[in-house]
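Reviewing the structure listed below.
The values are calculated or read from the model by the stated rules, or taken from the named source; none is laboratory data. Just so it is clear, the structure is predicted and the values come from calculations on it, not from any experiment. Ideal geometry is used to build each Cβ from the backbone, glycine not excepted, and the neighbour counts take in all protein chains shown. Surface accessibility is based on the protein's heavy atoms, side chains included, excluding ligands, DNA and RNA. Shrake-Rupley method; radii C 1.70, N 1.55, O 1.52, S 1.80 Å.
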Amino acid sequence: MERWINKRPSRAVSGMLGLIPLIILLLLYMAGSEARLAENPADKLLPSFEQFSQAIERMAFEPSKRTGEYLFWVDTQSSLIRLGLGVGIASLLGLVVGVLTGALPVVRALFNPLLTVVSLIPPLAILPILFIVLGLGELSKVVLITIGVMPFIARDIQRRTQEIPSEQIIKAQTLGANTSQILLRIILPQIMPRLIDATRLSLGAAWLFLIAAEAIVSTDGLGYRIFLVRRYLAMDVILPYVAWITLLAFLSDWVLAKISYLCFPWDRLDGAER
Amino acid sequence: MIEIDRVWKSYGDNTVLEDISLTVKEGEFVTMVGASGCGKSTFLNLLLGTQTVSRGELRLDGKPIVAEPGPDRGIVFQQYSVFPHMTVLDNVMAAPALAQKGITGHLFGAARASAKREAEAMLERVGLVASAQQYPSSLSGGMRQRLAIAQALTAKPRILLLDEPFGALDPGIRNDMHVLLRDLWRSLGLTVFMVTHDLKEGFSLGSRLWVFDKRRHDPHAPNAYGAQVTYDLPLSKMSEESYMQTLQGLGSSSLLN
């Protein structure tokens, strides 16, 4: 095995190789932080890990002096509710629109042009409209996320619906099924794992819209906080928040993947028994 | 029972089937062979109702066949005939569940219990009882086609349409399937139409063999003429000798080229 293209690391080596860039990055950061703090102890750009833990302590485990709330948890809760509502509503709408347009040619002919146009509108460009029409409260943020990811989910579900072999639809008809029975018993159950896939793929965009909306108009939330403390160059707060957002994004993706695995055994490649 | 009255099928200038007139009685088992692209699958689709005739008429009991798949005509395709998200048992129970009126297509209570008994009896018959709780993805190709047949027959169709159902199976398993199919055909009194590209299967399985081929051929316009049924052979009385003669006769046609 001389050629690089044929070299394959073992599992253990593979895991260690993956850690190397992360460790190097961490070491570089620590060295940079130490150098800057040695020069100027009041430097804010690259805080030390001690400063991080103090900031986390202050944000997460001490009540705010002004409001008496534990800001970190309040921010997390507000953001997750907005994200959950936005993504949840978008998935539900996307499922209904996608299945109906995918399965029924008449509905597809009726709504496809509209869906294509809507999916091409940059969601952030209509954020001012949402603020004007819906006000600056929770609703406009949830609607931004919904509008932002719904067309993607709907179009993906539409394609997946059309990919169901026509043999199955014909077979169901020869068993006597009517249209609603085909939708509910043949198409919908087979689309559910695809819906979870589409939702997982849209989570990144959903976080983007959430943080953008919170950055512009909000009084709490993870995105609001990092843009607020930016004014004080509070990297000791921003970086832990970014790490926390990353972890939340990873966990929500993992939970959805797990749900899909547990709820749809027929969709696994190994074809498990019920 | 089925009258095929001067049926033509064409797509634009491309004539696929040309002036076919035949009659099929209840309980016949018609196997259809022919070169690929000769229109035998198109003919099956006309019977199924997914395509409509261009000229002529297809009648079932004197009435034109509904141009939409329905419960009087069961179908087994080469693949994708079963529902991957249902267990083997649920796949068979889907037949009575989808046959009832209603929105959801689910069975409840006593109806469900009796459907389950019926489905289990059918699985017993096709030899799938041990796999009742498995999903189709974990079944072998032969088992999946057994399931597809069981599912189609649970809906109690009068006509069973088979579109190269055993084309993807190993020869040994194919023989088992032939035994099963003949047994079901005889005991249920079905009328069966089967498309196959396996000549031997076509000759040995049914009670009547149709060979689809083009009678006329224009080399400058290969699509100008459609296929017809060039041989219509009763198979039950056929001896080994006439079988060989027919095979030789077919050798001159495009079928075996």
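Out of segment A:196-219, which residues are touching a Leu at 6+ places or on another chain (Cβ under 8 Å) and within 20 Å of A:Val74 (Cα to Cα)?
The answer is A:Ala206, A:Trp207, A:Phe209, A:Leu210, A:Ile211, A:Ala212, A:Ala213, A:Glu214, A:Ile216, A:Val217.
Restricting attention to segment B:122-165, report how many residues are in contact with a strand residue (DSSP E or B) (Cβ under 9 Å, 6 or more places away or on another chain) and among the hydrophobic types (A, V, I, L, M, F, W, C).
Here the count works out to 9.
Kindly provide the set of residues from segment B:113-131 that are surrounded by fewer than 19 Cβ atoms within 10 Å (Cβ to Cβ) and more than 24 Å from B:Gln78 (Cβ to Cβ), ordered by number.
Answer for segment B:113-131, where residues must be surrounded by fewer than 19 Cβ atoms within 10 Å (Cβ to Cβ) and more than 24 Å from B:Gln78 (Cβ to Cβ): B:Ala113, B:Ser114, B:Lys116, B:Arg117, B:Glu118, B:Glu120, B:Ala121, B:Glu124, B:Val129, B:Ala130.
Is it the case, given these coordinates, that B:Val7 is in a strand (DSSP E or B), closer than 19 Å to B:Gly189 by Cα and among the β-branched types (Val, Ile, Thr)? Explain how you work it out, then say what you get.
Working: in a strand (DSSP E or B): yes; closer than 19 Å to B:Gly189 by Cα: no; among the β-branched types (Val, Ile, Thr): yes.
Against the criterion (in a strand (DSSP E or B), closer than 19 Å to B:Gly189 by Cα and among the β-branched types (Val, Ile, Thr)), B:Val7 does not qualify.
Any chance you could count how many residues in segment A:59-99 are among the charged types (D, E, K, R) and surrounded by fewer than 16 Cβ atoms within 10 Å (Cβ to Cβ)?
4
Consider A:Phe227 carefully, then state whether it is within 14 Å of another protein chain (Cβ to nearest Cβ) and not basic (Lys, Arg). Show your work before the answer.
Working: within 14 Å of another protein chain (Cβ to nearest Cβ): no; not basic (Lys, Arg): yes.
So A:Phe227 fails the test.
A:Asn178 is checked against (1) away from every other protein chain (no Cβ under 14 Å); (2) surrounded by fewer than 16 Cβ atoms within 10 Å (Cβ to Cβ) and fails just one. What number does that condition carry?
Only one criterion in (1) away from every other protein chain (no Cβ under 14 Å); (2) surrounded by fewer than 16 Cβ atoms within 10 Å (Cβ to Cβ) is unmet by A:Asn178, namely (1).
When the residues of segment A:5-16 are filtered to those that are at pLDDT 90 or above and open to solvent by 90 Å² or more (accessible area, probe 1.4 Å), which remaining residue is farthest from the chain's Cα centre (by Cα)?
Filtering first and then ranking leaves A:Ile5.
Write out, first by first residue and then by second, each pair whose Cβ atoms fall under 7 Å of each other, whose residues are 6+ apart or on separate chains, and whose first residue, in segment B:82-95, is assigned by TED's automatic domain parsing to the domain that holds B:Ser140 while the second is of a type in the set (Lys, Arg) and assigned to a loop (DSSP other than H, G, I, E, B).
Cβ pairs passing all conditions: B:Thr87/A:Arg274.
Quick check on my filter: what residues within segment B:72-94 are farther than 17 Å from B:Val129 by Cβ and among the hydrophobic types (A, V, I, L, M, F, W, C)?
If the condition is that a residue be farther than 17 Å from B:Val129 by Cβ and among the hydrophobic types (A, V, I, L, M, F, W, C), then B:Ile75, B:Val76, B:Phe77, B:Phe83, B:Ala94 are the ones that fit.
Would you mind finding the one in A:Thr219, A:Thr246 that is outside any helix (DSSP H, G or I), surrounded by fewer than 16 Cβ atoms within 10 Å (Cβ to Cβ), in the same structural domain as A:Leu83 (by TED's automatic domain parsing) and without any contact (Cβ under 8 Å) to a residue 24 or more places away in the chain?
Among A:Thr219, A:Thr246, only A:Thr219 is outside any helix (DSSP H, G or I), surrounded by fewer than 16 Cβ atoms within 10 Å (Cβ to Cβ), in the same structural domain as A:Leu83 (by TED's automatic domain parsing) and without any contact (Cβ under 8 Å) to a residue 24 or more places away in the chain.
Any residue at all in segment A:222-229 that's open to solvent by 30 Å² or more (accessible area, probe 1.4 Å), modelled with pLDDT of 90 or more and among the small types (Gly, Ala, Ser)?
Checked segment A:222-229: no residue is open to solvent by 30 Å² or more (accessible area, probe 1.4 Å), modelled with pLDDT of 90 or more and among the small types (Gly, Ala, Ser).
Is segment B:85-95 home to any residue that is touching a helix residue (DSSP H, G or I) at 6+ places or on another chain (Cβ under 7 Å), open to solvent by 30 Å² or more (accessible area, probe 1.4 Å), within 27 Å of B:Gly189 (Cα to Cα) and within 10 Å of another protein chain (Cβ to nearest Cβ)?
no
Which ones in segment A:30-58 are open to solvent by less than 50 Å² (accessible area, probe 1.4 Å) and either of a type outside the set (Gly, Ala, Ser) or free of Cβ contacts under 8 Å to residues at least 60 places away in the same chain (or both)?
Answer for segment A:30-58, where residues must be open to solvent by less than 50 Å² (accessible area, probe 1.4 Å) and either of a type outside the set (Gly, Ala, Ser) or free of Cβ contacts under 8 Å to residues at least 60 places away in the same chain (or both): A:Gly32, A:Ser33, A:Leu37, A:Asp43, A:Leu46, A:Pro47, A:Ser48, A:Phe52.
Looking at (1) open to solvent by 10 Å² or more (accessible area, probe 1.4 Å); (2) in contact (Cβ under 8 Å) with a residue 12 or more places away in the chain, which is the only condition B:Asp183 fails?
The number of the failed condition is (2).
One line per residue, one yes/no per condition, for (1) at pLDDT below 90; (2) at the interface with chain A (Cβ under 8 Å from one of its Cβ atoms); (3) within 15 Å of B:Leu180 (Cα to Cα):
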{"site": "B:Ala115", "(1), (2), (3)": "no, no, no"}
{"site": "B:Glu118", "(1), (2), (3)": "no, no, no"}
{"site": "B:Gln145", "(1), (2), (3)": "no, no, yes"}
{"site": "B:Ala152", "(1), (2), (3)": "no, yes, yes"}
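For residues in segment B:1-50 being hydroxyl-bearing (Ser, Thr, Tyr) and in contact (Cβ under 8 Å) with a residue 40 or more places away in the chain, which is most open to solvent (accessible area, probe 1.4 Å)?
Going through the qualifying residues, I end up with B:Ser36.
Please go through segment B:156-168 and give me each residue that is open to solvent by less than 20 Å² (accessible area, probe 1.4 Å) and of a type in the set (A, V, I, L, M), ordered by number.
Across segment B:156-168, the qualifying residues are B:Ile159, B:Leu160, B:Leu161, B:Leu162.
For segment B:49-58, check the following and say yes or no: at least one residue is away from chain A (no Cβ under 12 Å) and polar (S, T, N, Q).
yes
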